[in-house]
Every structure is written in C-alpha cells, then in structure tokens.
C-alpha cells in the first residue's frame, strides 16, 4: 500500500470510501508537533473540493486508471453508446454521466474513456475542439453587423450555440467542447 509520500498532483485516490483527485498537497512539520500532510482533494463524483490533514506516512489507496480510446456510436434516448477501439466492447453511459460536452461530438468521433480496474468507466473526455457545420442560422439584420451581436445557430449535432452575426448556414465552425463556446470559422 502507498503512503502520503507517494502523493502527486492529479492522481486518483480512494479517500473515505470515495474517489478523489489530488488537487494539491503540502508536507508540514510544525515545530514540536508530528509531521502532517495537508491535502486538497476534489471528489470525482460530486465535484466538491475537500481539504483535510493526515499524519505524514499514513497509508493511502492509489486508484490505478487506464485511458482507452473509444468511438462514439450513437445516442439512444438519454444513453450514449461507445465502442472500445481495441477490444470492441460496447459501453452505454447516461446523459448525466457524460456531461454537456458530448452534445458537440459527432457520431464515429473518437473520445477518451478513463477506466478503473474492473472495467468501470469513470470519465469521458471528448476532443477539445470539433468542427461542425451550421445547419440553421437566422439572417442578420442590416445595420446590426456594426456591433458585436450574437445569434443562435443550430449545428449538425442538434446543439444550439451563440455565434457572431456573420456566421451563416453551411459555414463550418470550430467549437471548444470544454466550454461550449464558438472559437472561429474552420478553414476549408
């Protein structure tokens, strides 16, 4: 079993029965007291950040993870279906689990799955930037283009997004999946 001296930023540990990511840690040796480690941990399921102190040298359980490439196949109701590109295993994950960033991912795109030992998927990471075709856009009113006015467009995945007024139907735009924000027009 590992100890607090093995801690590293970004690693996953099981702390108080739940998965946490180590945000930061600091070894403290105050005068005549025992040495301790102050940890800042982010709960993997809820996203809450917790700060706690443990005795230096205390046992911790490091969770071994593996990153696998998977192909996004389709969405069925509120379930997203993926296929592992190496083993061809099928994985179905709920809409709440994968998050809002998947609304910008087209079918057959490659995503990264974070997996812990008994083939349990704990996170899905889509590509950072995607190029999507605008299938519906309102026409900008003459005179409105002098200022930075945004309008809503519908993308080929069905997602709606705010973009500058000069974007029109048929344009290919680049979207940041982490934030869901228009970046620029994609080069043809």
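Which of (1) out of contact with any strand residue (DSSP E or B) (no Cβ under 7 Å at 6 or more places or on another chain); (2) touching a residue at least 40 places away in the same chain (Cβ under 8 Å); (3) more than 30 Å from residue 160 (Cβ to Cβ) does residue 31 not meet, given it meets every other one?
Going through (1) out of contact with any strand residue (DSSP E or B) (no Cβ under 7 Å at 6 or more places or on another chain); (2) touching a residue at least 40 places away in the same chain (Cβ under 8 Å); (3) more than 30 Å from residue 160 (Cβ to Cβ) one by one, residue 31 breaks only (2).
Considering the stretch 54-75 alone, what residues qualify as being surrounded by 15 or more Cβ atoms within 10 Å (Cβ to Cβ) and more than 17 Å from the chain's Cα centre (by Cα)?
Correct list: 54, 56, 60, 62, 63, 73, 75.
If we keep just the residues of the stretch 26-53 that are modelled with pLDDT of 90 or more and surrounded by 17 or more Cβ atoms within 10 Å (Cβ to Cβ), which is farthest from residue 66 (Cα to Cα)?
Here the answer is 36.
The values are calculated or read from the model by the stated rules, or taken from the named source; none is laboratory data. This structure is a prediction, so every number in the text was calculated from the model and none was measured. Don't worry about glycine lacking a Cβ; one is built from the backbone with ideal geometry, like all the others, and counts go over all protein chains shown.
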